[in-house]
1. Just to be sure I understand, how many residues within the range 249-266 are at pLDDT 90 or above, of a type in the set (S, T, N, Q) and open to solvent by 50 Å² or more (accessible area, probe 1.4 Å)?
2. Here is a list of conditions, (1) open to solvent by less than 70 Å² (accessible area, probe 1.4 Å); (2) out of contact with any strand residue (DSSP E or B) (no Cβ under 8 Å at 6 or more places or on another chain), and Ala242 meets all of them except one; can you say which number that is?
3. Within the range 267-298, restricting attention to residues that are open to solvent by 40 Å² or more (accessible area, probe 1.4 Å) and of a type in the set (Asp, Glu), which residue is nearest to Gln347 (Cα to Cα)?
4. If you take just the strands (runs of 3 or more DSSP E) that sit entirely in the range 299-394, which of them hold at least 2 residues that are on the phi > 0 side of the Ramachandran plot and either at pLDDT 90 or above or open to solvent by less than 20 Å² (accessible area, probe 1.4 Å) (or both)?
5. Could you grab me the full set of residues in the range 182-219 that are open to solvent by 10 Å² or more (accessible area, probe 1.4 Å), over 14 Å from Leu283 (Cβ atoms) and in a strand (DSSP E or B)?
6. Is it the case, given these coordinates, that Val186 is in contact with a Pro (Cβ under 8 Å, 6 or more places away or on another chain) and either modelled with pLDDT of 85 or more or over 29 Å from Arg338 (Cβ atoms) (or both)?
7. When only residues in the range 409-451 that are in contact with a strand residue (DSSP E or B) (Cβ under 7 Å, 6 or more places away or on another chain) and modelled with pLDDT of 90 or more count, which is most open to solvent (accessible area, probe 1.4 Å)?
Amino acid sequence: PRSMAPLPDELLHAVVDEKGGESGLAVDLGAALAAKLPGPAGAALSHGCPVRELRSYCVACEAIGVRADADEKATRTGEILLRGAVFEADEALDADDGRTYLHLPDGRGWVFDDSKLNPSDPSVVRVRTPSGQAPGAVPGTLQQQQQQQQSLGDGPRAQILTSIDEHHRACTASVCTEHTFYVIRVQKSEQEAAVVVEQSEYDVELDRTDGGRLGLKIEVQESSGCLFIKEIVAGRASEWNASHPERAVRVGDRIIQVNDVVGAPQAAHLLNEECKKRELIVLRLRRSSVGSVMPGLHVIIRTAFGHMSPGLQGSVVRVDDDGDALIKFAQGRQWVARENFECLSFQDLEGFYMKRYEDFRSLHQALKRRIAAGECALRLPDLPGQEIMGFRRLVAAMSMNNFFEDRRRGLQKMLDQILAQVPTLDAEPAVAAFFGRDAVPSDCGSGGATL
C-alpha cells in the first residue's frame, strides 16, 4: 500500500460523499476506501492500512527495535529507539498478531504498538507534539541523547513529554478540579547519574593447626582467579564471624589471596590448595558488590570479561535474589554475576514522573518560602495560571483558546529555569522533594568444594 499511486479525484469524491463530508473522510478513510478498491489494496485497507496522517508517539518501554517490515519477526535494521524517544509515524497497520505497526518516515522501517495486547505496559503511547517543535526534537538513540546532554550542559534536565487527562465527564464548571497529569522525563546530571558499586577488601585469620574445617563452601573460579563463597557452614569462619562482626565473612565474597599465594587467572586452584594446610590461614577477601543495582540502570562494560568487550552498553532488566543482574545488550540478554560487577559501570541516567499542576504549585511555593527565609539563592520563575472552577477547561474544550498548551509550555519553562540553576536534583531540597529520591551467571567456575 505504501507504493500505491495517488487516488484519482473521482474516487476521493465518492468516498467523501459516502462518508458524509470531509470529517467522515478523516474519521475512517481506510474502511471507506476498502469498499472502493478491489484486490489486495482494498483488503489491506480493510485491516487499517494505511493512514497518511503524521502522528507522534513516545517510546514507553525500555527500548524498541526498528524492523524492516511490519512483522514482529522481521529483520531488524539496527536502529533502536530508547525509552522516552518521541518519533513520527506516517502509516499505521493493524496486524493479525494484535499489534499495530507504525511506519517511520524516510523509509527507516517499522516499530510496533502493542497497547491492545498490553494496555497496562504498552511499547509506545500516542503524544501531542508541542507547537513549533518537530517530533524528532526528542532524540531517541543513545548517541543522540548523549549529544543533547553535552549541548545542554552537565546539569539535570526535565522535559514534559505529554499530558494525561483524567477529567471525569460528570465534572461541571462549578465542581471541576484538576485532573491533568504531566508525564515528565528527567535526565540526571553526569555527577549524580553514576551509581557507586563499592568494592572493599578485608583480611581474616582462621586457625587450622588442629585440622578443623574452615566451614566455607566455595566455587573455584579459574577465569577470575578467586574462590567464590557460596555458603558458610559450621567451622572456623562462623566462629570468626561471631567474634568479628565488623569483618564478618559473607556469602558472595571472594577469596583473592591465601597467605602469600595471590590469586590469578587460571591459578585459582592454588588458593584452594593453600587453604587445606594445617596452619594459621590468613585470607584476603573482596566484598561482594555494595550498591543499589536495580532494573533500569544504564550499564557500560569497563573491563573485558567472558565474551564482553569494553565499551559495550546495555541496561539492567532484572536483579534476582542472589544479586545477579540480567542485562539487555543490543546483541541480546546476558546474566552477569554480582562478583563481576566491578567490571561494569552503572548509571541512573533518567527517571519518569507523573505530576499534577498542584505539584508544580507546591514546588513554586516551597521555593518562594525558602527564598524569603534566605535559605535558597535561586531566582524564582513564574508559575502559569491555574484553572478557575473548570471555566478555562470548558473554554479550551470549545477550542476558544490554547489554555492547556500555553500552561504546558509555561510549566516546561518553569522547570527549565529551576534546573538551570542547580547542579543536581538533590542540591535544592524543594527540587529533591518534587522529584523524589527513588526512581520511576557467565562464569560457572570449575565446580564447588567445601573447605
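The values are calculated or read from the model by the stated rules, or taken from the named source; none is laboratory data. Quick caveat, the model's predicted, so the values are computed rather than measured. Using ideal geometry, Cβ is built from the backbone for each residue, glycine included, and neighbour counts are taken over all protein chains shown. With ligands, DNA and RNA removed, areas are computed over all heavy atoms of the protein, side chains included. Shrake-Rupley method; radii C 1.70, N 1.55, O 1.52, S 1.80 Å.
1. Selection size over the range 249-266: 0.
2. (1)
3. Out of the qualifying residues, it is Glu273.
4. So the answer is none; nothing clears 2.
5. Val183, Gln187, Ala194, Val195, Glu198, Lys217, Glu219 - these are the residues of the range 182-219 that are open to solvent by 10 Å² or more (accessible area, probe 1.4 Å), over 14 Å from Leu283 (Cβ atoms) and in a strand (DSSP E or B).
6. yes
7. Result: Gln412.
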